[in-house]
Amino acid sequence: MANIDDFLKLDIRVGEIIRAEEFKEARNPSYKLWVDFGEKIGIKKSSAQITEKYSLDDLIGKDVLGVVNFPKRQIANFMSEVLVLGVYTKDGVVLISPDKETEKGDKLG
């Protein structure tokens, strides 16, 4: 079981997807994302298996939550720097987004 101290180690922030591309080299259908987390954190890259629910056009300008303090991870020829959070549904992954206005870099608490 995880405890509150484990949860508090995660740095989960709001970011805006500013660029998205097909990730043809990935083993599973995926997109390459560039997410802007604001001045303090900057733009981070992520690989996301979200092709069932989102087109590339759906993603630009979308606010998402991401874990910004995990180590980088090599996926095929791409270095993923942040874990964008989503919910697994029977039809694919749905990204987690704030339902009210937030600023880039705002921290989940």
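Worth pointing out:
- Residues within region 85-101 that are in contact (Cβ under 8 Å) with a residue 60 or more places away in the chain and hydrophobic (A, V, I, L, M, F, W, C), tallied: 1
- Annotation note: Cβ proximity below 7 Å between a residue of region 65-76 that is touching a residue at least 40 places away in the same chain (Cβ under 8 Å) and a residue that is among the basic types (K, R) and loosely packed, with under 14 Cβ neighbours inside 10 Å (sequence gap 6+ or interchain) occurs for no pair.
- Restricted to region 1-22, and to residues there that are within 13 Å of the chain's Cα centre (by Cα) and of a type outside the set (D, E, K, R), the residue that is farthest from D57 (Cα to Cα) is I12.
- All positions within region 13-48 that are among the polar types (S, T, N, Q) and surrounded by fewer than 19 Cβ atoms within 10 Å (Cβ to Cβ): N28
- Filter pass, K104 being at negative phi and either within 13 Å of the chain's Cα centre (by Cα) or touching a residue at least 60 places away in the same chain (Cβ under 8 Å) (or both): yes
- Boolean, L10 is in contact with a strand residue (DSSP E or B) (Cβ under 9 Å, 6 or more places away or on another chain), among the aliphatic types (A, V, I, L, M) and crowded, with 21+ Cβ neighbours inside 10 Å: no
- Enumeration of residues in region 1-22 that are in a helix (DSSP H, G or I) and acidic (D, E): D5, D6
- For region 1-29, the set of residues classified as in contact (Cβ under 8 Å) with a residue 24 or more places away in the chain and of a type outside the set (D, E, K, R) consists of L10, I12, V14, G15, I17, I18, A20, F23, A26, listed by residue number.
- The strands (runs of 3 or more DSSP E) located wholly in region 23-86 include none with 1 or more residues which are at positive phi, over 12 Å from the mean Cα position of the chain (by Cα) and modelled with pLDDT of 95 or more.
The values are calculated or read from the model by the stated rules, or taken from the named source; none is laboratory data. Just so it is clear, the model here is predicted, and its values are computed rather than measured. Note that we place each Cβ from the backbone using ideal geometry, even for glycine, and neighbour counts take in every protein chain shown.
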